[in-house]
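Taking it in order: structure first as structure tokens, then the write-up.
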Amino acid sequence: MMERTGHCLCEATHYTVTTDAKFGIRCYCGDCRRLSGAGSVAQFAFPAATVTIEGPLKHHFGTADSGNALNFGFCGDCGSPIMKTTTRAEGLIFIYAGSMENTDGLPPLRPVFEEQRPPWDVPLAT
């Protein structure tokens with residue numbers, strides 16, 4: 001088990017996670033694309049009881065196309081995305097990978113809502 005920490009851009013909001021991620025996703029849904037300003041957003045699911053968030057956190061509540069309730073958490077000062085919860089995954093908090101200090105040892109990302117992937121967001125051939 002690895003303790004993980006992270007924070008927003010201005011460092012006013014920070015968190016600690018005291019367990020390993022259950023799984024990781026790369027989400028292509030419209031909400032996540034708007035949240036990230038990109039074609040997708042990488043996020044990792046942790047049991048809610050193992051996540052401690054400190055500092056100003058502003059919330060945006062919404063409803064997914066599936067009907068699930070969504071709660072997006074952003075730094076209350078700089079607006080950086082920090083976390084998300086959804087009724088589709090009760091008891092889990094999704095932490096945005098871009099806010100993490102150390103991403104070593106995280107599970108591979110599995111794509112979700114890939115049918116909404118923008119045509120310009122494709123991996124480059126190596």
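The values are calculated or read from the model by the stated rules, or taken from the named source; none is laboratory data. These numbers come from a predicted model, not from an experiment. So basically every Cβ, Gly included, is an ideal-geometry build from the backbone, and we count neighbours across all protein chains shown. SASA here: full protein model, heavy atoms, side chains in, ligands and nucleic acids out. Shrake-Rupley method; radii C 1.70, N 1.55, O 1.52, S 1.80 Å.
Among all residue pairs at least 6 apart or on different chains, which show Cβ distances below 6 Å where the first residue, located in region 1-30, is acidic (Asp, Glu) and the second is surrounded by 14 or more Cβ atoms within 10 Å (Cβ to Cβ) and part of a loop (DSSP other than H, G, I, E, B)?
GLU3/THR18
Report yes if PHE23 is under 12 Å from the mean Cα position of the chain (by Cα), of a type in the set (Phe, Trp, Tyr) and surrounded by 21 or more Cβ atoms within 10 Å (Cβ to Cβ), otherwise no.
Numbers: under 12 Å from the mean Cα position of the chain (by Cα): yes; of a type in the set (Phe, Trp, Tyr): yes; surrounded by 21 or more Cβ atoms within 10 Å (Cβ to Cβ): no.
Judged against the criteria, PHE23 is not a match.
What residue, among those in region 58-82 that are polar (S, T, N, Q) and out of contact with any Leu (no Cβ under 6 Å at 6 or more places or on another chain), is farthest from THR13 (Cα to Cα)?
SER66
Return yes when THR63 is of a type in the set (S, T, N, Q), at pLDDT 95 or above and surrounded by fewer than 20 Cβ atoms within 10 Å (Cβ to Cβ) and no when it is not.
no
Could you grab me the full set of residues in region 36-46 that are open to solvent by 30 Å² or more (accessible area, probe 1.4 Å) and either in a strand (DSSP E or B) or not hydroxyl-bearing (Ser, Thr, Tyr) (or both)?
GLY37, ALA38
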